[in-house]
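Participant: Handing you this structure, nothing more for now.
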Amino acid sequence: MRPAALPDSQRENFANLLLEEMAREQEEEGVSPDEAFLRVALKTHGFDPDEGHQTDGGYDCGFDFVNVTQEETSIFQAKSLGYGSKLPIDAKFDASYLNDLRRIIDVIRDLDHIPREANSGVTDALTSMRTEINRRALAPAAQIAIDGDGPDVLDQQPEYRINIYFFGLGRGFTSQAEEEFTKIESVRPIRYGRVLLTISVHHVFIDDLLSIKWQQRNVDWRDKLGRKRDEIQLNIVGDAILVGKSAVFFAPAYDLVQAYEDFGYQIFEPNVRCELKESKVNQAIKSTVQTREGRREFQHLNNGITLICTGWGKKQNAGRVSALQIRKPGVVNGLQTVKSLHDAFRRLSQDEQIDFKENCLVLCRVHQEGAVKRPEQLVKATNNQNPMKARNLRSNDPEQIAFERLFSNINWFYERKQGAWDAFKADHRAWRGLNGKRPEHFHVSGKLYRVVDNDQVAQNWLAFIGFSTEAINEKKTIFDKDEYYSLIFLKRTIRHGFDYDFKLTMDSKVWNETEAGSPRPEAMLVAYLCREAADHLALGRRENRDLSIARLSLETRSRDEQDRALDTDPEYQKQKILRGMLTLFSEFVGFVMFRSLDKKFHENVGKLLNIGTLKSVTGAYDFTSLTSKHRNRTFDKNDIIIILYLAFEHCISQLYESNWLRGYNDAPVKNKYIYSTRTRRQLLEELIELDKRFSRTEWVRDWADGFNESKGVFAFVREVVLEQTRRAGR
């Protein structure tokens, strides 16, 4: 099935979108126009151009990119007729452009003899493919016609699929080239040992790419031709169960393929996840429906799909309901199934497509509005075929949509669902929640963008308000447990976890003392960046070892001698401990801010983003200045984030020199001891004592000028933050 061409008006618009994406690929990846076209075409078809085998270049034997899996190998050959400010949307390829396809097939016919002149990328790809084919020799047999010199024969052998794609940046082939391509795509299966290599050859031109782009960004109830439509028809095979506003029945898989072809992603609007590309489940679906036997078994092997809709009309035939006309359908479970069926169907030959239409069925569950009180619970209850993170199940909750917009207002992309950034970057116009925003709003330089995952935000905010143990140990359940989720995203704590003895059990006072209202995005970003800052300021294990060996003049010693010396070196051991306390630093800063700002905590903690080196981190997402000023001691006396990290290091040193160290050394699990209530309480008590010391007397340290002048840690932070508030109000 070739996709229907877009009307001329839409065709030109989508061609410009494609051109923009290719230009962005050139700029960010530093590639040529031809390479940019290949990368965009790969992404459009669900392949990651940075994975697989990049084979394009000298001596590539026609292979530009190869993706090898257990089930199949996909080989890509890209041809461009050149482009500038406009794409060559009406240009055609003559027969000379097909030579590389013939070369590819010739190589496959003689896999045991990889061409000597092949570059390393091609050699690696073919070796990997050959390995998977040999593994396939142990798989169940398939019955198929064999390529040979004699008449057609039938044999039973394991099968391995090879898909060859011709990506052409033009309208299509000339008539002569079309005839030549027809001969090439009729290549017969090839025998390799016990395995049958079934080869499919596909051409993909500009109109095919534009059609896929339209499907991915369609958010209106209009079909590809621009006509207003909001219904799909699902035919009922066998008997249906219709009870109230719900129906369960088998439908031809082709009905769903056609629905996706007509409406694209619009039929997935209520779904909670961007497309998962080439997952094992998706590959299994495509693999199953490639064979006639698999199509007949698909109704039993697949979990089916679940749709919600505004209503339906019934079609009758011989006294029974034969079809449902479903108005404004929304797939809440089965995005992967529908998309995989659609992609697999397009790869089939004409005869196999006929068999698909007649024999491939899908179990459908359809619910009208009002069938369940909360449709979002239906989403969460039924999305379980592909591995699904709890954060995705919450992604359409109102507060998550609101945070996405609020973070964008401070020029950060808040990734509220898996794959959201990639989807937004590929086509920002289809992203309803961020109308008016483009990827450039979040761009720093090169490949760097200001993007943060909501699971990272949640974890660090929970630590920041005083519950780092739960942030570490319960990370996977933060979005799953209502009590954690509500505390993080829907409430404002009035005190730090230290004041609740770090208890987050159901009898803790924290639950009764929270205030209604979500935290400010600036505050949550501070929590995230504190942990990131600690990650850059703390020495890495390798760096710590190398610096310590140089400091102790151990370069000429054996590894064992070095290890023995490092085991007794306090500085090395303290830096090693610091490396395991990154999330504790978020909790440490959160405690300082609660003590410094008290009731003005939620209102003013976000001002940290505009103070000192954290300002450059927030804007440029670059920690170079932060780490340089910390290492060289060139920071300003009001640079709160660096100064608090140095105070944090001091408090850790105090722990190291106390009886805490014995407990740490005896602990069977060091990380568990680090995040124990004892460690956290003792750490913050050291900070309180440090604050008292500055209130009594001056203490000369290169990071303590502000503490001395303000006569306290908390007084200093309060003065700096409130001064920032006054400046902002001028």
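The values are calculated or read from the model by the stated rules, or taken from the named source; none is laboratory data. Note that this is a predicted model, so its numbers are computed, not measured. Positions of Cβ are backbone-derived with ideal geometry, glycine not excepted, and every protein chain shown enters the neighbour counts. The accessibility values were calculated without ligands, DNA or RNA, using every heavy atom of the protein model including side chains. Shrake-Rupley method; radii C 1.70, N 1.55, O 1.52, S 1.80 Å.
Participant: What residue, among those in segment 156-214 that are open to solvent by less than 40 Å² (accessible area, probe 1.4 Å) and among the basic types (K, R), is farthest from T73 (Cα to Cα)?
Facilitator: In this case the residue turns out to be K213.
Participant: Which of the following residues is part of a helix (DSSP H, G or I), within 27 Å of T677 (Cα to Cα) and either in contact with a helix residue (DSSP H, G or I) (Cβ under 8 Å, 6 or more places away or on another chain) or of a type in the set (S, T, N, Q) (or both): Q562, Q575?
Facilitator: Values: Q562 fails: within 27 Å of T677 (Cα to Cα).
Going through Q562, Q575 in turn, just one is part of a helix (DSSP H, G or I), within 27 Å of T677 (Cα to Cα) and either in contact with a helix residue (DSSP H, G or I) (Cβ under 8 Å, 6 or more places away or on another chain) or of a type in the set (S, T, N, Q) (or both): Q575.
Participant: Something else about it: Listed residues F63, F47; which is in contact with a strand residue (DSSP E or B) (Cβ under 8 Å, 6 or more places away or on another chain), assigned to a loop (DSSP other than H, G, I, E, B), among the aromatic types (F, W, Y) and closer than 29 Å to Y254 by Cβ? Let's see the steps before the verdict.
Facilitator: Values: F63 fails: closer than 29 Å to Y254 by Cβ.
One residue alone meets the criteria, F47.
Participant: Any residue in segment 38-62 that's open to solvent by less than 20 Å² (accessible area, probe 1.4 Å): show its pairings with residues that are assigned to a loop (DSSP other than H, G, I, E, B) and at pLDDT below 85 at Cβ separation under 6 Å, as long as the two are six or more apart or on different chains.
Facilitator: G46/K277; G46/E278
Participant: Output the number of the condition that D567 fails; it satisfies all remaining conditions of (1) more than 27 Å from R450 (Cα to Cα); (2) surrounded by fewer than 19 Cβ atoms within 10 Å (Cβ to Cβ); (3) in contact (Cβ under 8 Å) with a residue 40 or more places away in the chain.
Facilitator: Failed condition: (3).
Participant: Consider A78 carefully, then state whether it is open to solvent by 10 Å² or more (accessible area, probe 1.4 Å), farther than 26 Å from R161 by Cα and either of a type in the set (K, R) or not in a loop (DSSP other than H, G, I, E, B) (or both). Spell out how you get there, then give the answer.
Facilitator: Values: open to solvent by 10 Å² or more (accessible area, probe 1.4 Å): yes; farther than 26 Å from R161 by Cα: no; either of a type in the set (K, R) or not in a loop (DSSP other than H, G, I, E, B) (or both): yes.
No.
Participant: Inspect segment 583-596 for any residue being among the hydrophobic types (A, V, I, L, M, F, W, C) and open to solvent by 10 Å² or more (accessible area, probe 1.4 Å) and give the result as yes or no. Before you say what the answer is, go through the steps one by one.
Facilitator: Of the residues in segment 583-596, the ones among the hydrophobic types (A, V, I, L, M, F, W, C) are 584-585, 588-589, 591-594.
Filter again for open to solvent by 10 Å² or more (accessible area, probe 1.4 Å), leaving 594.
Yes, that holds for at least one residue.
Participant: While we're looking at this one, here's another question. Would you pick out the residues in segment 671-700 that are surrounded by fewer than 13 Cβ atoms within 10 Å (Cβ to Cβ) and of a type outside the set (S, T, Y)?
Facilitator: N671, R678, E689, K692, R696, W699, V700
Participant: Can Q575 be described as over 36 Å from the mean Cα position of the chain (by Cα) and touching a residue at least 12 places away in the same chain (Cβ under 8 Å)? Walk me through it before giving the result.
Facilitator: Working: over 36 Å from the mean Cα position of the chain (by Cα): no; touching a residue at least 12 places away in the same chain (Cβ under 8 Å): yes.
No.
Participant: So, one more: Would a scan of segment 636-652 turn up a residue that is more than 25 Å from G606 (Cβ to Cβ), among the hydroxyl-bearing types (S, T, Y), open to solvent by less than 20 Å² (accessible area, probe 1.4 Å) and at pLDDT 90 or above?
Facilitator: Looking through segment 636-652, none of the residues is more than 25 Å from G606 (Cβ to Cβ), among the hydroxyl-bearing types (S, T, Y), open to solvent by less than 20 Å² (accessible area, probe 1.4 Å) and at pLDDT 90 or above.
Participant: Among the residues of segment 481-492, is any more than 21 Å from F585 (Cα to Cα) and acidic (D, E)?
Facilitator: So far as segment 481-492 goes, yes, one or more of its residues are more than 21 Å from F585 (Cα to Cα) and acidic (D, E).
Participant: So which residues in segment 495-510 are open to solvent by less than 70 Å² (accessible area, probe 1.4 Å) and either in a helix (DSSP H, G or I) or farther than 16 Å from T677 by Cβ (or both)? Before you say what the answer is, go through the steps one by one.
Facilitator: Applying the first criterion (open to solvent by less than 70 Å² (accessible area, probe 1.4 Å)) to segment 495-510 yields 496-502, 504, 508, 510.
Result: G497, F498, D499, Y500, V510.
Participant: Next up: Identify all residues within segment 230-241 that are exposed (fewer than 12 other Cβ atoms within 10 Å of the Cβ) and more than 14 Å from L361 (Cα to Cα); write none if there are none.
Facilitator: Step one: list which residues in segment 230-241 are exposed (fewer than 12 other Cβ atoms within 10 Å of the Cβ), which gives 238-239, 241.
Matches in segment 230-241: I241 only.
Participant: Can you find a residue that is free of Cβ contacts under 8 Å to residues at least 24 places away in the same chain, over 22 Å from the mean Cα position of the chain (by Cα) and part of a loop (DSSP other than H, G, I, E, B) anywhere in segment 512-530? I'd like the intermediate steps shown before the answer.
Facilitator: Kept after step one, since they are free of Cβ contacts under 8 Å to residues at least 24 places away in the same chain, are these residues of segment 512-530: 512-513.
Next cut, over 22 Å from the mean Cα position of the chain (by Cα) only: 512-513.
Going one step further and asking which of them are part of a loop (DSSP other than H, G, I, E, B), we end up with none.
No: zero hits.
Participant: From the set of residues in segment 426-457 that are in a helix (DSSP H, G or I) and without any contact (Cβ under 8 Å) to a residue 24 or more places away in the chain, which is most open to solvent (accessible area, probe 1.4 Å)? Break it down stepwise before answering.
Facilitator: So the first thing to find is which residues in segment 426-457 are in a helix (DSSP H, G or I), and the list is 426, 428-430, 432-434, 439-442, 454-457.
Next, from what is left, pick out any that are without any contact (Cβ under 8 Å) to a residue 24 or more places away in the chain: 428, 440.
On the way: H428: 24, E440: 95 Å².
Only one residue tops the list, namely E440.
Participant: Still on this structure, please answer the following. Tally the residues that are modelled with pLDDT of 90 or more and assigned to a helix (DSSP H, G or I), restricting the search to segment 281-336.
Facilitator: Number of matching residues: 9.
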